[in-house]
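The values are calculated or read from the model by the stated rules, or taken from the named source; none is laboratory data. These numbers come from a predicted model, not from an experiment. Neighbour counts run over all protein chains shown; Cβ positions are idealised from the backbone, glycine included. In case anyone asks, the SASA skips ligands and DNA or RNA and just uses the protein heavy atoms, side chains included. Shrake-Rupley method; radii C 1.70, N 1.55, O 1.52, S 1.80 Å.
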Number of protein chains: 2
Amino acid sequence: MKGISVGLLGLGTVGSGVVRIIDNHQDTLMHQVGCPIMVKKVLVQDLSKVRDIKIDSSLLTTSAAEIISDPEIDVVIEVMGGVESTKGYVLEAIRNKKHIVTANKDLMALYGSELLTAASENGCDLFYEASVAGGIPILRGLVDGLASDRITKLMGIVNGTTNFILTKMDQEGLAYEKVLKMAQDLGFAEANPAADVEGLDAARKMAILSTLGFSMKIDLEDVKVQGITGITEEDLHYAKQLGYKMKLLGTAQHDGEKVEVSVQPTLLPETHPLASVHNEYNAVYVYGEAVGETMFYGPGAGSLPTATAIVSDLVGVVKNMRLGVNGRTAITPQFGKNLKGPEEMYSKYFLRLHVKDEIGVLAEITSIFSENGVSFEKILQLPVRKKESSEIVIVTHKASLKNYEDILQMLEELSAVNEIKSSYKVEGSAGA
Amino acid sequence: MKGISVGLLGLGTVGSGVVRIIDNHQDTLMHQVGCPIMVKKVLVQDLSKVRDIKIDSSLLTTSAAEIISDPEIDVVIEVMGGVESTKGYVLEAIRNKKHIVTANKDLMALYGSELLTAASENGCDLFYEASVAGGIPILRGLVDGLASDRITKLMGIVNGTTNFILTKMDQEGLAYEKVLKMAQDLGFAEANPAADVEGLDAARKMAILSTLGFSMKIDLEDVKVQGITGITEEDLHYAKQLGYKMKLLGTAQHDGEKVEVSVQPTLLPETHPLASVHNEYNAVYVYGEAVGETMFYGPGAGSLPTATAIVSDLVGVVKNMRLGVNGRTAITPQFGKNLKGPEEMYSKYFLRLHVKDEIGVLAEITSIFSENGVSFEKILQLPVRKKESSEIVIVTHKASLKNYEDILQMLEELSAVNEIKSSYKVEGSAGA
């Protein structure tokens with residue numbers, strides 16, 4: 001077999017990592033696929049930019065067409081990011097019978113199904129392991145490794161930026177804004193961190209994970225999202241006191257019929273394996289009916305880890321080329337979309353309130369909960385912090401989202417409640 | 001495509017799980033492979049045995065030939081255990097062009113290479129995900145997920161029985177014999193636990209893992225093995241005091257040229273992710289040059305978890321059948337065997353000595369270490385336990401195995417040393 005020619009769309013952090021791995025691991029790759037793999041052309045924005053990798057400048061181009069229309073290019077690796085114009089490039093490359101490897105979770109969460117269909121119709125592979133949890137081979141784990149099982153639940157720490165921030169806030173007792181600044185200085189958070197800290201990035205990954213795990217097309221707008229920007233030192237303090245760690249957790253559940261998917265700050269028992277996933281690391285917990293609990297842990301981002309996933313996908317494409325089976329390995333979803341309504345989603349909740357320091361307030365609050373059929377697992381009433389105000393921290397037993405939202409609204413309207421300071425999901429029970 | 005017929009060799013714990021999953025998940029399987037999968041024949045020892053699964057008694061046979069020679073059977077699932085006669089059956093099935101899925105680590109550690117060659121020559125798949133770490137899809141993780149990376153180190157808790165025993169000894173302060181009895185009563189340890197507690201079972205799995213991870217044929221006899229039978233409550237007590245957890249750890253290292261593989265009781269820093277793998281759970285830590293650290297965690301044994309891995313392999317076989325690529329996906333090792341000698345294997349060690357309670361003893365001991373170029377990271381000298389005897393606990397800095405073994409021998413010969421009570425590897429540094 002002649003060598004394989006690869007075109008790269010993008011030469012940022014991840015693209016540079018891909019070039020590095022293809023260069024440095026050429027022997028390993030050649031042994032596995034039986035022929036050399038060469039980068040033939042790379043799309044960049046600025047030809048004259050100084051780069052920290054060695055790359056022949058004749059490989060660089062500012063014209064995407066030079067890659068996606070080059071008949072000699074077999075595989076297009078998309079690491080440029082973006083959605084609309086990128087989608088156009090990828091579709092055109094597919095029409096030109098090029099296999100695609102992408103790290104683009106935005107693209108896959110929004111247009112994955114359309115692109116996978118186009119790829120399959122054109123006999124092309126479209127692989128996207130790198131789009132979720134960087135270097136962790138979780139998509140393969142779900143699709144191949146646990147192929148025979150029925151996945152009932154996925155829980156993921158799938159955004160490294162927010163996990164870094166929450167870890168530092170927790171370990172060093174610092175405020176959100178301070179840690180965000182630190183994360184930006186260290187390169188763990190972007191100048192505009194919104195997509196990370198508002199939970200959107202994690203939501204995209206959970207849409208991809210749950211689509212694969214449950215064999216049901218889950219769209220981005222099906223994922224209920226709450227970010228971490230409102231989390232305070234007080235919240236972390238109480239979480240700790242109650243035996244929990246706060247994580248931005250993606251949760252997807254399948255009860256055999258209906259599905260719910262969310263990304264929310266969640267209190268996890270300290271003893272849960274996900275609670276000890278620190279800093280920028282990611283992990284995905286998978287519950288299968290037969291296998292029980294498994295966890296996949298590793299770096300969720302970074303140049304080389306993400307590039308590892310991309311080049312492993314590339315190896316998969318090339319193996320399929322040698323076997324002549326490209327475009328025939330994808331599986332379309334087995335089930336039609338069937339989402340739970342708020343009255344069917346059950347969770348425990350953590351709620352922190354500032355209330356008037358008056359007689360009878362607690363009775364008013366508890367009666368709102370009991371009217372809505374929700375009971376307490378724990379309640380802390382805390383010393384007055386400010387004049388005429390005291391703090392109440394509640395962990396509920398399992399409640400439907402419908403009932404819980406009704407309670408929140410009634411509390412809002414209660415004159416004895418000064419402010420609902422915070423409200424988070426709670427997963428499992430802490431021993432404390 | 002007509003349905004796929006499967007023959008089972010064995011109907012014990014794992015075999016029953018396989019029958020259950022094929023029955024219960026038929027829809028999921030059919031969606032993935034596009035045709036029904038049926039169990040056609042099952043080899044058992046005793047036709048009249050009462051079983052806790054529903055299975056048509058007409059499927060049972062006591063004749064292996066009825067399975068391995070049946071032209072209608074496409075895939076043989078080997079879950080009978082054993083080595084020599086089992087190998088005969090598997091080879092004959094392969095010659096009869098049957099694909100093989102096996103959970104048999106003994107067979108794969110001893111004859112994997114021969115069987116894989118035979119399978120490939122006959123256009124057959126031979127998959128064995130279930131042979132290592134039960135329900136954890138670690139072999140796929142190494143072969144596919146991290147295909148593009150160079151694995152430099154593998155660390156695995158790959159034996160559930162010993163991990164259960166060490167967890168209970170540590171958490172409940174009980175003696176080895178007591179916990180072994182408990183594990184046997186709970187079904188976590190066999191009546192004859194030798195293969196587990198002597199480390200042999202883990203060694204087989206490390207041979208399989210390192211062969212795949214390093215692309216170098218590692219045989220069982222290349223794995224240095226030490227079991228857990230000598231571990232005492234005192235050892236665990238000191239480990240804890242020093243900030244470590246004791247685990248039976250498989251370690252395989254590849255320095256780019258040479259390889260070393262061992263299974264030994266090892267002190268791991270409490271903060272290491274593997275240190276919180278408890279009870280019968282397994283986990284494999286993988287270090288890749290590019291990806292950094294990843295971990296795969298899950299149930300290492302049990303009927304349904306192991307069966308999940310087997311049926312997922314079966315799905316892989318059937319997908320390959322549909323694509324017409326069976327027997328073409330295995331990769332032969334890239335490198336010839338190249339093992340480190342004892343003078344090239346470096347580790348830290350934990351050593352516990354009973355010595356005569358005399359002046360000058362410590363000086364004698366320390367001079368033996370310094371003569372051999374080995375220095376201490378920590379040394380505890382403990383109050384006299386028995387008359388005229390005191391205890392010394394040492395954690396060394398990194399030393400070559402050669403130097404360390406010389407030290408052990410010189411200590412043995414020293415009249416001031418009453419007894420070398422214990423000697424274990426130490427991985428990493430505890431914060432304490």
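Between B:GLN334 and B:ARG51, the modelled labels are 4.3 nm apart [label points 7 Å from Cα along Cα→Cβ]. How far is the Cα center of segment B:215-286 from the Cα center of segment A:403-426, in Å? Using only Cα atoms to place each centre, the spacing works out to 50 Å.
Quick check: from the Cα gyration tensor, does segment A:138-298 come out rounded (a/c under 1.5), prolate or oblate? Please list the in-between numbers first.
Working: a/c = 2.02, a/b = 1.66, b/c = 1.22.
Because a/c hits 1.5 or more and a/b exceeds b/c, segment A:138-298 counts as prolate.
Comparing A:ALA191, A:ALA301, A:ALA175 in a Gaussian network model of chain A (Cα springs below 10 Å), the most mobile by mean-square fluctuation is A:ALA191.
For the residues of B:280-290, the average number of beta carbons from a partner chain within 10 Å of their own beta carbon is 4. For chain B, pairs of C-alpha atoms spaced more than 27 angstrom apart make up 56 percent of the total. Note on segment A:346-426: Kirkwood radius taken over Cα pairs, Stokes-Einstein applied at 37 °C and 0.692 mPa s, translational D equal to 262 µm² s⁻¹.
What the Cα atoms of the protein assembly as shown give is an Rg and a Dmax of 28.7, 86 Å. When only Cα pairs below 8 angstrom with a gap of at least 6 residues are kept, segment B:346-426 shows a relative contact order of 50 percent. Annotation: for a label point projected 7 angstrom from Cα along Cα→Cβ of B:LYS398, residues of segment B:346-374 with backbone N closer than 17 Å are B:346-350, B:373-374.
Counting only protein heavy atoms and a 1.4 Å probe, segment B:346-426 has 50 square angstrom of accessible area per residue.
Going from the chain on its own to the full set of protein chains, segment A:112-137 has these residues losing 50 Å² or more of accessible surface (heavy atoms, 1.4 Å probe, no ligands, DNA or RNA): A:PRO137. Take segment A:138-298 with all the other protein chains still there, run a 1.4 Å probe, and you get 32 Å² of accessible area per residue.
The calculated pair-distance distribution of segment A:166-260 uses every alpha carbon pair, bins of 5 angstrom beginning at 0, and gives 2, 12, 20, 18, 16, 14, 11, 5, 1, 0 percent.
Spatial offset of segment A:336-378 relative to segment A:109-157 amounts to 37 Å, using the alpha carbon center of each. Just the protein heavy atoms count here, and of the accessible area of chain B at 1.4 Å, carbon and sulfur take up 49 percent.
In segment A:1-37, burial by the other protein chains removes 30 Å² or more of 1.4 Å probe accessible surface, compared with the chain on its own, from A:HIS25, A:THR28, A:HIS31, A:GLN32.
Distance from the alpha carbon centroid of segment B:66-108 to that of segment A:1-52 works out to 42 angstrom. Between A:THR251, A:THR13, A:THR102, where does the largest GNM mean-square fluctuation fall for chain A, given springs only between Cα atoms within less than 10 Å? Checking each option, the largest mean-square fluctuation is seen for A:THR13.
Pairs over the 18 Å Cα-Cα cut-off, from the set B:LYS153/B:LYS217; A:LYS224/A:LYS402; B:LYS402/B:LYS425; A:LYS240/B:LYS245; A:LYS87/A:LYS319; A:LYS105/A:LYS217: A:LYS240/B:LYS245; A:LYS87/A:LYS319. Per residue, the average separation of C-alpha pairs within less than 8 Å and at least 6 apart gives chain B a relative contact order of 17 percent. Put simply, the amide H of B:GLY199, placed in the peptide plane, has neighbours under 5 Å in B:ILE228, leaving out anything fewer than 5 places away on its chain. With 30 Å² as the minimum drop in accessible area between chain alone and full protein complex (1.4 Å probe), the qualifying residues in segment B:297-324 are B:TYR297, B:PRO299, B:THR308, B:SER312, B:LYS319, B:LEU323.
For segment A:64-160, the Cα-based Rg and Dmax, in that order, read 14.4, 45 Å.
Given Cα pairs under 8 Å that are at least 6 residues apart, what percent is the relative contact order of segment A:161-289?
Numbers: 188 pairs, mean separation 36.1, N = 129.
Reported as a whole number, the value is 28 percent.
If each DSSP helix of 4+ residues adds -39,500 (n - 2.57) and the sum is divided by the residues in chain B, what number results at 222 nm, nearest 500 deg cm²/dmol?
Values: 13 runs with 150 residues, N = 432.
So the calculated ellipticity at 222 nm is -10500 deg cm²/dmol.
Take the accessible area of chain A alone and of chain B alone, subtract that of the pair, and you get about 4300 Å² summed over both chains, using a 1.4 Å probe.
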